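What follows draws every value from the coordinates through simple rules; no lab data is involved. Keep in mind that what you see is a predicted model, and the values were worked out from it rather than measured. Quick reminder, even Gly has a Cβ in these numbers, built from the backbone with ideal geometry, and neighbours come from all protein chains shown.
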Amino acid sequence: MNKNNDMPRSTSRRGFLNLAAAGAAGLALSACTSFGSRYSFNQPPPPPIQPAIDPQLASYASMYGPVFDGGFEVPGIPIEKIPPQFLRQMVQDPTGERPGTIVVDVSQHYLYLVREGGQAMRYGVGLGRAGFEWSGRAVIQWKRAWPTWTPPDEMIARQPELEKYSVRNGGMAPGLQNPLGARALYIFQNNEDTLYRLHGSPEWWSIGKSVSSGCVRLMNQDIMDLYDRVPNKTPIVVTNGVGMA
C-alpha cells in the first residue's frame, strides 16, 4: 500500500485491528440508535432525497478542471468518464455522526464529511487492500500538502527498485507522480500512527473501485477540497456500510 514512514510506528497492526473492531461495534450501535429515534416503524419511509450539488460550489467542469497548486499543474478530470455518484456532492447525511466528522464507507466507496443541518459532503474514493484491512475510530492527527512518500521496508523487500525512495534515501519527492498525490491526511489512533492515509491520486479511473495498492484515495481535486475543510484532530470513522445516501 502507499504508506508514509515520516512518523515511527510503535504499535502492531494486530493491536490496532483489535482496537478498531471495538470502535466499529460502537459505530453500529450509535447508527442504529440514531436512525431508530429519527423514524417510526409504523410509518412509511420518507422518499429518497436525490443528491444535489452544493449551490455554493461551481460547476463540475470548474470543480474538476486543471489547477495550478504548489508549483504543479494538476491535470483536469474527464468528468464525463466518472460515474456521477462518485463526483463531489451534497447529500443527506446517512451516518448519524457529529458535524465535522469524516466517515469512510468502504462498502460503497464513499467518504462523507458530516455538516450541519443533516447534510454531508460526499466524495468518491478508491480503495486498495490496505483500505479493507482496518475499521474503527481515529483522528486526522496532521496533514501535509504535496507530501514526500517513503515506502515501508516490507514493500521495498518485494520491490527492490523502490529502495531509492526509502527513508534512508529521503523518499520520493512531491509531485504529480507521487503515490500520495497533492495532499495526505495522516490517521492516528491513541496518538499512534496507524500508517493509513487519506490521500490524492492522479488515477481518477480508480475512484469507486478496489485496486491492488493504496489506502483511501481521492481524486486530487477532491483531496485538496477536503484538506481545506478539515483541521488537525478531525475525528474519522471507517466502517463497512452506513446505509444508502
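Spin-label model, Ser62/Glu80: points 7 Å from Cα along the beta carbon direction are separated by 2.1 nm.
Most exposed first by the Cβ proxy, i.e. fewest other Cβ within 10 Å, how do Thr150, Thr239, Thr194 rank? Mind showing how you got there, number by number?
On the way: Thr150 22, Thr239 19, Thr194 25.
Result, fewest neighbours first: Thr239, Thr150, Thr194.
By counting other Cβ atoms within 10 Å of each Cβ, how are Leu176, Leu226 ranked from fewest to most? Please list the in-between numbers first.
Working: Leu176 14, Leu226 23.
Ranked by crowding around the Cβ, least crowded first: Leu176, Leu226.
Taking a straight Cα-Cα cut-off under 19 Å and skipping sequence neighbours fewer than 8 places away in the same chain, the aspartates and glutamates within cross-link reach of Lys143 are Asp6, Asp69, Glu192, Asp193, Asp222, Asp225, Asp228. Applied to region 160-166, the Karplus parametrisation 6.51 cos²θ - 1.76 cosθ + 1.60 on θ = phi - 60° returns per-residue 3J(HN,Hα) values of x, 5, 7, 3, 5, 9, 5 Hz, with x for Gly and Pro. Neighbour counting of Cβ atoms within 10 Å sorts the residues Ser201, Ser135, Ser210, Ser59, fewest neighbours leading, into Ser59, Ser210, Ser135, Ser201.
Taking R0 as 35 Å, what FRET efficiency do you get between Trp205 and Gln92 from their Cβ-Cβ distance, rounded to the nearest 0.05? Can you show the working numbers first?
Details: r = 28 Å, r/R0 = 0.80.
The formula returns an efficiency of 0.80 here.
Shape of region 150-245 from the C-alpha gyration tensor: prolate (a/c of 1.5 or more and a/b above b/c, with a ≥ b ≥ c the square roots of its eigenvalues).
In percent, rounded to a whole number, the relative contact order of region 88-245 is 32, using alpha-carbon pairs under 8 Å and six or more apart.
Quick one: work out the % antiparallel among DSSP beta bridges in region 166-245, nearest 5. Write down the numbers at each step before the final one.
Values: 6 of 10 bridges.
Among the beta bridges of region 166-245, antiparallel pairing accounts for roughly 60 percent.
According to the square roots a ≥ b ≥ c of the eigenvalues of the Cα gyration tensor, what is the shape class of region 113-200, taking rounded for a/c under 1.5, prolate for a/b larger than b/c otherwise, and oblate for the remainder? Taking the square roots of the gyration eigenvalues as a ≥ b ≥ c, region 113-200 is prolate.
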